[in-house]
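Accompanying notes for the structure given below.
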Amino acid sequence: MSDEKQLLGIGSRVEHPAFGDGVIIGVDVAAYKVCFIVYGIKHVGKDYNNWEIIEAIEAEEDVSFSLAEKALIKILKNYNAISEKIDLGDKWINGTMVLNPGEEGLKSKEIPIDVFFHKIVMVRDRLRVMEQRVNSSNLTDEEKVNLQQYITKIYGSLTSFNVLFKYKEHHFVGDKSN
């Protein structure tokens with residue numbers, strides 16, 4: 001057995017016991033520069049061996065930043081860790097949502113639709129992160145399925161807001177079996 005440690009290249013995926021899932025985005029003399037989904041960028045010594053290597057990319061001597069950036073974006077999209085720009089439907093731009101109370105004497109509330117839309121998109125992004133965390137958790141398969149069913153029902157409850165999205169591929173989708 002060789003004592004030589006495997007040198008990881010940019011784009012390698014790892015799972016750290018404290019920081020979770022990450023991607024190596026840089027390599028220097030003594031450490032890896034790792035972008036962790038939850039904890040951001042951290043430096044981890046090359047001699048560190050308590051993480052699990054999910055996918056090893058062979059280290060190259062000269063890797064351009066653009067190649068590393070493309071690899072990182074691809075991996076982070078797979079983990080739903082970065083959100084894409086989601087456009088509000090054209091007819092709603094500069095619009096206002098008015099909430100009229102059913103009780104007389106109370107004042108209406110106006111909210112710019114783009115502010116409301118941004119909050120809806122944030123809810124969706126957080127649901128996706130929760131879904132990923134459930135999938136990568138130590139729960140039993142049965143517990144994961146049960147939680148996934150709740151998440152799917154939440155998506156279904158949010159389908160009323162699909163009218164705000166510019167593109168259909170950004171719509172909420174609930175359980176299609178009903």
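Only the coordinates and a few stated rules stand behind these numbers; no lab work does. A quick note: this is a predicted structure, and the numbers were derived from the prediction, not measured. Every residue, glycine as well, gets a Cβ built from its backbone with ideal geometry; the counts of neighbours run over all protein chains shown.
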Chain lengthening between Lys46 and Lys166 when straightened (0.36 nm per residue, less Cα-Cα):
38.6 nm
Approximate spin-label separation Leu106-Asp125, in nm, with each point projected 7 Å along Cα-to-Cβ
3.1
Would you pull out the residues with amide H under 5 Å of Phe165's amide H, same chain only if 5 or more places away, H placed 1.01 Å from N?
Gly89
Of Lys91/Lys119; Lys42/Lys153; Lys119/Lys168, which sit over 25 Å apart, Cα to Cα?
Lys42/Lys153
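Between Tyr150 and Ile54, what is the FRET efficiency for a Förster distance of 25 Å, r being their Cβ-Cβ separation, to the nearest 0.05?
Numbers: r = 27 Å, r/R0 = 1.08.
With R0 = 25 Å, the Cβ-Cβ based efficiency is 0.40.
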